[in-house]
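The values are calculated or read from the model by the stated rules, or taken from the named source; none is laboratory data. All values derive from a computational prediction rather than experimental measurement. Positions of Cβ are generated from backbone atoms using ideal geometry, with glycine treated the same way; all protein chains shown enter the neighbour counts. Protein only, heavy atoms only, side chains kept; ligands, DNA and RNA dropped before computing areas. Shrake-Rupley method; radii C 1.70, N 1.55, O 1.52, S 1.80 Å.
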Amino acid sequence: MSSSWLSLEEALAKALAATHAVSDVEIVSLFSAHRRVVAQDVVATLDVPPWDNSAMDGFAINAGSYNQGQTLIVQGIITAGEKASTPLAVGHAYKIMTGAPIPDGANAVIMIENCGSDANGNVIINEDPTPGQNIRPQANDITKGQVLIKKGTQLRAEHLMLLSSQGLNEVVVYRKLRVGVVATGNELAAPGELRSNTQIYESNRVGISAILSDENVEVIDFGIVEDDKASLTCLFNQAADPTSKAIGNHVDIMVSSGGVSVGDADYVKDVIEAMGHIEFWKIAVKPGKPFALGKLNNTVFCGLPGNPVSSFVTAKLLVLPIISKMQGRQDGHTALTVTAVLTKDIKRRAGRRDYQRATMSYDDNGSLVVTPFKTQSSGVMTSITSANCFMIIHEDISTLAIGDTVPVMPFT
Ligand code: AMP
Ligand code: MG
């Protein structure tokens, strides 16, 4: 077990090298595919749009044969879902609705707002028409045969709409990851139940589950386990034993909180090390120093610190990238970081990268400014609920002054 401190990048690189992507695939309805990961390239089988069509409600004309000031006879009306039965005749216009196919012989659509009519109901055009105007050409968006969505893309609403536009109602995705969540600690009582006067209510499982659920993984709640080697051994055995799949306990990743530090009751690392292997367990990140990454059989083990703020931070910074890799994502996503102007002086001890909980907003000049929450203790949960971003202080920096530019990572 290595006990040296790793930078966040080193820890991530080691964690990703030690984990593998799932390979099993399944077909799911688009209605349940949000945030699932596509397992093969999706190729377009249809042009979109399938024909030249009108981008406006208006009149379809032939710009080449039209003379300025001429009135045009209305040949008919084409609504979306219909097609003109006869080509546009010279001196005529078709009334046309958005999405309707452009009739043969027409090459421009004049928006209805720029048209008038004479006493006989003929159309007057109040602009100089240009060929092609207000026409959405066939295949302008998608051409049959092009790769629409690459393997390894995590599907979002916009991808689902694109797949739908191809007439698809299902998609081939990697199987869902099974992720176990457990809280360790003798002092923890389950919310909704009575607690003794030495216990606190447990808060990490529900938060970690929510963070994980955003990635559409299957979360399996392993409850609360005591700081006891035998109980932890039993728990991890179930989680990492493929034969316990039948009773629903086997998981791809086990995320625990608590018990990974150097306290007298911190047995989690020792138990994992005795059963499998710990890759590392100290990272130079604040909050979140003790974060253990290990493996038991094929199950990846992420041991988060117990302090709720630390477990929130490490779940976002480390567990999410591991989930992405294991889900089969190859879309190179990274958490967005922007810069903001600091509103207060900061002095701190250098050495760890600090993810301070902070609020960013625009000031009267339109500049993005950031103010760290007043208390940065990892035991203060309101520091996360009051914040809307992390303000990141690099490990080498010990002082910052009002007006300095700092990186911030918005909460998503
Ligand atoms: P540990 O990492 O086990 O040393 O715990 C650090 C601190 O976090 C202690 O004050 C614990 O009581 C607290 N803690 C640990 N797990 C949880 C949890 N699931 N919910 C709330 N607080 C916790
Ligand atoms: Mg503990």
Unique match (being assigned by TED's automatic domain parsing to the domain that holds residue 165, in contact with a Leu (Cβ under 8 Å, 6 or more places away or on another chain) and open to solvent by less than 50 Å² (accessible area, probe 1.4 Å)) among 33, 60
33
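Yes/no per residue for (1) part of a loop (DSSP other than H, G, I, E, B); (2) more than 15 Å from ligand 1 (Cβ to nearest atom):
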| residue | (1), (2) |
| --- | --- |
| 294 | no, yes |
| 302 | no, no |
| 306 | yes, no |
| 309 | no, no |
| 314 | no, no |
| 321 | no, yes |
| 324 | no, yes |
| 330 | yes, yes |
Restricting attention to region 329-336, does a residue exist that is at pLDDT 95 or above and open to solvent by less than 10 Å² (accessible area, probe 1.4 Å)?
no
I'm told residue 231 meets every condition in (1) touching a Lys or Arg at 6+ places or on another chain (Cβ under 7 Å); (2) open to solvent by 20 Å² or more (accessible area, probe 1.4 Å); (3) farther than 29 Å from residue 327 by Cβ except one. Can you identify the failing condition by its number?
(1)
Which one is least open to solvent (accessible area, probe 1.4 Å) among residues in region 1-30 that are assigned to a helix (DSSP H, G or I) and in contact with a Lys or Arg (Cβ under 8 Å, 6 or more places away or on another chain)?
8
For region 284-330, give me each residue that is in contact with a strand residue (DSSP E or B) (Cβ under 9 Å, 6 or more places away or on another chain) and either within 13 Å of residue 18 (Cβ to Cβ) or without any contact (Cβ under 8 Å) to a residue 12 or more places away in the chain (or both).
292, 293, 294, 295, 296, 299, 300, 301, 302, 318, 322, 326
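In this structure, is residue 241 within 15 Å of ligand 1 (Cβ to nearest atom) and either of a type in the set (Val, Ile, Thr) or more than 13 Å from residue 304 (Cα to Cα) (or both)? Don't jump to the end; show me each part of the working.
Numbers: within 15 Å of ligand 1 (Cβ to nearest atom): no; either of a type in the set (Val, Ile, Thr) or more than 13 Å from residue 304 (Cα to Cα) (or both): yes.
Judged against the criteria, residue 241 is not a match.
Any idea which residue in region 243-262 is surrounded by the fewest Cβ atoms within 10 Å (Cβ to Cβ), counting only those that are within 16 Å of ligand 2 (Cβ to nearest atom) and more than 23 Å from residue 195 (Cα to Cα)? Explain how you work it out, then say what you get.
The initial filter retains those residues of region 243-262 that are within 16 Å of ligand 2 (Cβ to nearest atom), namely 255-262.
Checking which are more than 23 Å from residue 195 (Cα to Cα) leaves us with 255, 260-262.
Working: 255: 29, 260: 28, 261: 19, 262: 10.
Per the criteria, the residue is 262.
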Within region 266-284, can you find the residues that are outside any strand (DSSP E or B) and open to solvent by less than 40 Å² (accessible area, probe 1.4 Å)?
266, 268, 269, 271, 272, 276, 284
When both residues are 6+ apart or on different chains and their Cβ atoms are under 9 Å apart, which pairs have a first residue that lies in region 245-265 and is assigned by TED's automatic domain parsing to the domain that holds residue 203, and a second that is among the hydroxyl-bearing types (Ser, Thr, Tyr) and open to solvent by 30 Å² or more (accessible area, probe 1.4 Å)?
250/243; 259/267
Given (1) within 30 Å of residue 75 (Cβ to Cβ); (2) open to solvent by 70 Å² or more (accessible area, probe 1.4 Å), where does residue 158 come up short, assuming only one miss?
(1)
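With 373, 390, 411 as the choices, which residue is open to solvent by 20 Å² or more (accessible area, probe 1.4 Å) and either assigned by TED's automatic domain parsing to the domain that holds residue 211 or under 21 Å from the mean Cα position of the chain (by Cα) (or both)? Give the derivation first.
Working: 373 fails: either assigned by TED's automatic domain parsing to the domain that holds residue 211 or under 21 Å from the mean Cα position of the chain (by Cα) (or both); 390 fails: open to solvent by 20 Å² or more (accessible area, probe 1.4 Å).
Result: 411 is the single residue among 373, 390, 411 that is open to solvent by 20 Å² or more (accessible area, probe 1.4 Å) and either assigned by TED's automatic domain parsing to the domain that holds residue 211 or under 21 Å from the mean Cα position of the chain (by Cα) (or both).
Let's see how each residue does on (1) open to solvent by 30 Å² or more (accessible area, probe 1.4 Å); (2) β-branched (Val, Ile, Thr):
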| residue | (1), (2) |
| --- | --- |
| 181 | no, yes |
| 184 | no, yes |
| 190 | no, no |
| 195 | yes, no |
| 201 | yes, no |
| 225 | no, yes |
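Can you confirm whether residue 205 is open to solvent by less than 40 Å² (accessible area, probe 1.4 Å), within 22 Å of the chain's Cα centre (by Cα) and among the basic types (Lys, Arg)? Quick ask: steps written out before the conclusion?
Details: open to solvent by less than 40 Å² (accessible area, probe 1.4 Å): yes; within 22 Å of the chain's Cα centre (by Cα): yes; among the basic types (Lys, Arg): yes.
It is true that residue 205 is open to solvent by less than 40 Å² (accessible area, probe 1.4 Å), within 22 Å of the chain's Cα centre (by Cα) and among the basic types (Lys, Arg).
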Could you grab me the full set of residues in region 244-277 that are more than 22 Å from residue 312 (Cβ to Cβ), among the aliphatic types (A, V, I, L, M) and more than 16 Å from ligand 1 (Cβ to nearest atom)?
246, 247, 274, 275
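Could you check how many residues of region 343-380 are more than 16 Å from ligand 2 (Cβ to nearest atom) and assigned to a loop (DSSP other than H, G, I, E, B)? Spell out how you get there, then give the answer.
Narrowing region 343-380 to residues more than 16 Å from ligand 2 (Cβ to nearest atom): 343-377, 380.
This time we only want the ones that are assigned to a loop (DSSP other than H, G, I, E, B), so: 343-345, 348-352, 363-367, 373-377, 380.
Going through region 343-380 one residue at a time, the tally reaches 19.
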